[in-house]
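Peer 1: Take this structure, written in structure tokens, and hold onto it; I'll ask about it next.
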């Protein structure tokens, strides 16, 4: 992404247009009106987020000094010192610390030290000093300056950024790259003029006497934050560069800065830069376009306490500018480097640029106002927030896939199980914690693709809490995709009955990474402990699972004599990979069918071996021509380690080097997958057809086939409420293209519905069963096979359970012949006429749309010459929700009938962008409809409680009747959405309303 500290949007957009980049810049989601404060949300319990009662223009950087005072450097070059004058814990007074015009141009990165305040600015690193003791700076000394200017920036764009000082007093800072979009600096003959010895795009070290400087590392794009951790290792945040320089940093990064290494901007290239090896990030922040900025290590320092619970200590606290994110990053140090992961714990409807940690362990966050990707510039006001932590509240440690049917969530202290409410799990390639509160994002095409990507709910059955109250187990209907899973767990509060605190919704995410472990005590026949581990490296396990009672138990067990067995699917991190394993006890490593025993090496044990990929990965057309080491294939991994021989805690460590990369690398978290991880990937979503597809067959004959004895579809499948429950409900087929439906019939393994993935169960007696998961609990698993026969298996008898990549649906339907297949497709792709005649739900609701509307709110639709009789297109929806981020400047009408399942009062809810209304009739007569919701303010998709006007008054409806309902919406700019939900009389929520409650308006006037 672009560096956030740039021109205000208007000037920069115009400069891009002159340069020919106008087509690359999209519109951005609108913020709340000036009269409204931006939203904030804590994703974990015990956090209180308060805005400081000061008004400052956008602040780039903040730091708490050894004197306990808070310093804030503004985008406009003015520096303030903030103090709390009334003792309420919030800084309420901002006094100018330094404001000499033209001295500090675009300051990005400050460090408060005993000798003064270091400021990274354009053209210099300045040291602001208070020489007369009045608490304010009176001199500005350029301690470092005199480097070559880059080719593309001006005085309102950043240059030097980030400041850190090591234990010997040496100063470190970064310089932005020479060109963000032409990094090779090609001349007229196509020859690269990139100079790896240049100071541009580097981390520089300045000696303690400030007389000498040297390049520490090259290949950096735009580093913003720098900080040393307690081990004396230097880290930096760098920004995504692939958008403007294909092949450049594909993600925003947290980097460990190692002397002499090159960090990939520009990248290794066979022609332009063949001699370097690109250093990988410790953490690649996902999905693309986050814009990592300021960060700090959450460690005890001489002038401050760490933030949050004990297991947060040592984490990096990192800001994400473009999407309003605040992460903690646990970092485990191994022999070959660091392993880390991103964990979001707060969300903002503004643009976080930096954080500081106060003396008492509060967190100060500075945010720019305005919109992504560049904010509102140096003259506009920003926001400063303080985050306080209640140490009595339980904090989530992690969520993970504990088995093919279970998800576990660990807490650092007991929770109250009586307060827990129904959890939600969503799956998809771009699912992360906090997605519900991502109110802002940049308008790049790749972000739109992320937003449009398929997401599906994962059904949760039973919820149980361990006896100690620290582990929640969610029983699911399987985890059918190799993808990401997001968990929302409502009702989390402390089990301490003496504390009266509100319950919180927590949000976490996980993938199917990790290791299955079992430990057997010496002399025992069966395992003493079985469970999930995040990695094979014991230091990674300890770091990532600090605070988890279950993992504290296994750590103690591993000090006793016994055998630990670790099993995983290892993604080879290259085509030719040499591994080195080290432990303090004897062990054996088995990859596929090759076992390697450890050999004594000094006080420890070592095993080394090389694996060659059977199917090497070759990139024929790498993006930008980038040459890199890439993962190749998965192999079965088993590690058997003897424990407790000396009474010491087990230490196990693994590293590798692959292909042309000579450096030892730590095995990453995403190199290991649990043995039950399915091979099925998240499929691409099929978008709603905007025009009717040709249906060639006869739906009446197709209906006879579906429910008859020849095809026997209804034995397993349901259509419009009728048929079997073994396989997918095919009512949804009415919104899909006939070609896709035909493919599903004749090629059932091409795309498998995640709710109907078949599983293979292997029992300890050797029996193998294949079927769909009908139910699962702590005692039994019930499957239904292709013949609709139920099989109940005791959980204690299950030896293995894995998802199958083969559909349970039989093949051979092509034997029906082309004509009958077309009839069957015609039936599945049209609404059931019998259900329409009987006034029953058909599973869909009608959608119409009008394009190229002028700006003007709902009247631009309702006053349009083609409304309502001549829409540009029509379609059917299988829930009361239109496509998200579909087009711009259009209007939508969704109409049909709603079928309430209960008699009583219903409360309707609407989420929409930009303008919308919801109308309901007291009968099935459209002419009797009246408006029940009117929205003149936008909301993000599925955000149901942003404004009071999103909800209707209670409306009495009767079961067994149908009511005409209609929603209209107009989108003026980007990021459109329209969804309708309701609260049922029994208090349950359907958000949005599912197709089982709907029928289309095909018969409505």
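Peer 1: What's the total number of residues in region 921-940 that are part of a loop (DSSP other than H, G, I, E, B) and under 15 Å from residue 961 (Cα atoms)? Lay out the reasoning, then the answer.
Peer 2: As a first pass, look at region 921-940 and keep what is part of a loop (DSSP other than H, G, I, E, B): 921-925, 929, 936-940.
Among the residues that remain, those that are also under 15 Å from residue 961 (Cα atoms) are: 921-925.
Final tally of qualifying residues: 5.
Peer 1: Among the residues of region 920-936, what is the count of those that are crowded, with 19+ Cβ neighbours inside 10 Å and closer than 14 Å to residue 977 by Cα?
Peer 2: If we filter region 920-936 for residues that are crowded, with 19+ Cβ neighbours inside 10 Å, which is where we start, we get 920-921, 933, 935.
With closer than 14 Å to residue 977 by Cα added as a condition, the list becomes 935.
Qualifying residue count for the region: 1.
Peer 1: Further, regarding this structure: For residue 796, indicate whether it is modelled with pLDDT under 75, loosely packed, with under 15 Cβ neighbours inside 10 Å and over 27 Å from residue 705 (Cβ atoms). Quick ask: steps written out before the conclusion?
Peer 2: Values: modelled with pLDDT under 75: no; loosely packed, with under 15 Cβ neighbours inside 10 Å: yes; over 27 Å from residue 705 (Cβ atoms): yes.
No.
Peer 1: Next up: Please give the strands (runs of 3 or more DSSP E) falling wholly within region 464-559 in which 3 or more residues are surrounded by 17 or more Cβ atoms within 10 Å (Cβ to Cβ) and touching a residue at least 60 places away in the same chain (Cβ under 8 Å).
Peer 2: Details: elements: 471-476, 484-492, 504-510, 515-521, 529-533.
Answer list for region 464-559: 471-476, 484-492, 504-510, 515-521.
Okay, residues lined up against (1) farther than 23 Å from residue 844 by Cβ; (2) modelled with pLDDT under 95; (3) touching a strand residue (DSSP E or B) at 6+ places or on another chain (Cβ under 9 Å):
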site	(1), (2), (3)
900	no, no, yes
903	yes, no, yes
921	no, no, yes
924	no, yes, yes
930	yes, no, yes
939	yes, yes, yes
948	yes, yes, no
965	no, no, yes
979	no, yes, yes
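Per-residue answers, yes or no, for (1) buried (at least 22 other Cβ atoms within 10 Å of the Cβ); (2) over 32 Å from the mean Cα position of the chain (by Cα); (3) touching a residue at least 12 places away in the same chain (Cβ under 8 Å):
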residue	(1), (2), (3)
848	no, yes, yes
852	no, yes, yes
857	no, yes, yes
860	no, yes, yes
868	no, yes, yes
887	no, no, yes
938	yes, no, yes
953	no, yes, yes
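Peer 1: Look through region 199-215, keep the residues that are without any contact (Cβ under 8 Å) to a residue 60 or more places away in the chain and not in a strand (DSSP E or B), and return whichever of them is farthest from residue 278 (Cα to Cα).
Peer 2: Per the criteria, the residue is 209.
Peer 1: In region 829-838, is there at least one residue being more than 26 Å from residue 960 (Cβ to Cβ) and either modelled with pLDDT of 80 or more or assigned to a loop (DSSP other than H, G, I, E, B) (or both)? Break it down stepwise before answering.
Peer 2: Step one: filter region 829-838 for residues more than 26 Å from residue 960 (Cβ to Cβ), giving 829.
Imposing the further condition that a residue be either modelled with pLDDT of 80 or more or assigned to a loop (DSSP other than H, G, I, E, B) (or both) reduces the set to 829.
Yes, region 829-838 contains a residue that is more than 26 Å from residue 960 (Cβ to Cβ) and either modelled with pLDDT of 80 or more or assigned to a loop (DSSP other than H, G, I, E, B) (or both).
Peer 1: In region 990-1004, how many are under 25 Å from the mean Cα position of the chain (by Cα) and either over 16 Å from residue 899 (Cβ atoms) or touching a residue at least 24 places away in the same chain (Cβ under 8 Å) (or both)?
Peer 2: The first filter runs over region 990-1004 and keeps only residues under 25 Å from the mean Cα position of the chain (by Cα), leaving 990-992.
Subset that is either over 16 Å from residue 899 (Cβ atoms) or touching a residue at least 24 places away in the same chain (Cβ under 8 Å) (or both): 991-992.
Matching residues across region 990-1004 total 2.
Peer 1: Follow-up. Restricting the search to region 959-998, which residues are farther than 24 Å from residue 371 by Cα, part of a strand (DSSP E or B) and in contact with a helix residue (DSSP H, G or I) (Cβ under 9 Å, 6 or more places away or on another chain)?
Peer 2: 964, 966, 968, 982, 990, listed by residue number.
Peer 1: More than 30 Å from residue 938 (Cβ to Cβ) and at pLDDT 95 or above: is that true of residue 418 in this structure?
Peer 2: On the way: more than 30 Å from residue 938 (Cβ to Cβ): yes; at pLDDT 95 or above: no.
It is false that residue 418 is more than 30 Å from residue 938 (Cβ to Cβ) and at pLDDT 95 or above.
Peer 1: Find the residue count for region 702-724, including only residues that are modelled with pLDDT under 70 and either surrounded by fewer than 17 Cβ atoms within 10 Å (Cβ to Cβ) or not assigned by TED's automatic domain parsing to the domain that holds residue 782 (or both). Even if it seems obvious, please write down each step before you answer.
Peer 2: Taking region 702-724 and keeping what is modelled with pLDDT under 70, we get 720-721.
Within this subset, residues satisfying the condition of being either surrounded by fewer than 17 Cβ atoms within 10 Å (Cβ to Cβ) or not assigned by TED's automatic domain parsing to the domain that holds residue 782 (or both) are 721.
Qualifying residue count, region 702-724: 1.
Peer 1: Is it the case that residue 119 is under 16 Å from residue 101 (Cβ atoms), at pLDDT 95 or above, surrounded by 15 or more Cβ atoms within 10 Å (Cβ to Cβ) and in the same structural domain as residue 224 (by TED's automatic domain parsing)?
Peer 2: Numbers: under 16 Å from residue 101 (Cβ atoms): yes; at pLDDT 95 or above: yes; surrounded by 15 or more Cβ atoms within 10 Å (Cβ to Cβ): yes; in the same structural domain as residue 224 (by TED's automatic domain parsing): yes.
Yes; evaluated as a whole, the condition is true for this residue.
Peer 1: Where in region 317-402 are the strands (runs of 3 or more DSSP E), entirely inside, with at least 2 residues that are more than 23 Å from the chain's Cα centre (by Cα)?
Peer 2: Numbers: elements: 325-329, 331-334, 337-340, 343-348, 351-357, 363-368, 383-389.
Ranges flagged: 331-334, 351-357, 383-389.
Peer 1: Sticking with this one: Given the structure, is residue 326 closer than 23 Å to residue 76 by Cβ and either crowded, with 24+ Cβ neighbours inside 10 Å or in the same structural domain as residue 476 (by TED's automatic domain parsing) (or both)?
Peer 2: Numbers: closer than 23 Å to residue 76 by Cβ: no; either crowded, with 24+ Cβ neighbours inside 10 Å or in the same structural domain as residue 476 (by TED's automatic domain parsing) (or both): yes.
In short, no.
Peer 1: Any idea which of 619, 648, 636 is outside any loop (DSSP other than H, G, I, E, B) and exposed (fewer than 14 other Cβ atoms within 10 Å of the Cβ)?
Peer 2: Values: 619 fails: outside any loop (DSSP other than H, G, I, E, B); 648 fails: outside any loop (DSSP other than H, G, I, E, B).
When all the criteria are applied, what remains is 636.
Peer 1: Would you say residue 565 is over 28 Å from the mean Cα position of the chain (by Cα) and either closer than 30 Å to residue 272 by Cα or buried (at least 21 other Cβ atoms within 10 Å of the Cβ) (or both)? So that I can check it myself, show each step before the final result.
Peer 2: Details: over 28 Å from the mean Cα position of the chain (by Cα): yes; either closer than 30 Å to residue 272 by Cα or buried (at least 21 other Cβ atoms within 10 Å of the Cβ) (or both): no.
Taking the combined requirement at face value, the residue does not satisfy it.
Peer 1: Still on this model: Name the residues in region 584-593 that are within 34 Å of the chain's Cα centre (by Cα) and either closer than 15 Å to residue 658 by Cβ or crowded, with 16+ Cβ neighbours inside 10 Å (or both), would you? Step through it out loud before you land on a result.
Peer 2: Of region 584-593, the ones within 34 Å of the chain's Cα centre (by Cα) are 589-592.
Scanning region 584-593 gives 589, 590, 591.
Peer 1: Something else: Residue 917 - would you say it is crowded, with 18+ Cβ neighbours inside 10 Å, under 35 Å from the mean Cα position of the chain (by Cα), modelled with pLDDT of 95 or more and under 24 Å from residue 440 (Cα atoms)? Reasoning before the result, please.
Peer 2: On the way: crowded, with 18+ Cβ neighbours inside 10 Å: yes; under 35 Å from the mean Cα position of the chain (by Cα): yes; modelled with pLDDT of 95 or more: yes; under 24 Å from residue 440 (Cα atoms): yes.
It is true that residue 917 is crowded, with 18+ Cβ neighbours inside 10 Å, under 35 Å from the mean Cα position of the chain (by Cα), modelled with pLDDT of 95 or more and under 24 Å from residue 440 (Cα atoms).
Peer 1: Separate question: Consider residue 909 against the criteria (1) in a strand (DSSP E or B); (2) out of contact with any helix residue (DSSP H, G or I) (no Cβ under 6 Å at 6 or more places or on another chain); (3) surrounded by 16 or more Cβ atoms within 10 Å (Cβ to Cβ); (4) at negative phi: it satisfies all of them except one. Which criterion is unmet?
Peer 2: (2)
The values are calculated or read from the model by the stated rules, or taken from the named source; none is laboratory data. The shown structure was predicted, so the numbers you read here are calculated from the model rather than taken from an experiment. Because the Cβ atoms are built from the backbone with ideal geometry, glycine has one as well, and the counts that use them run over all protein chains shown.
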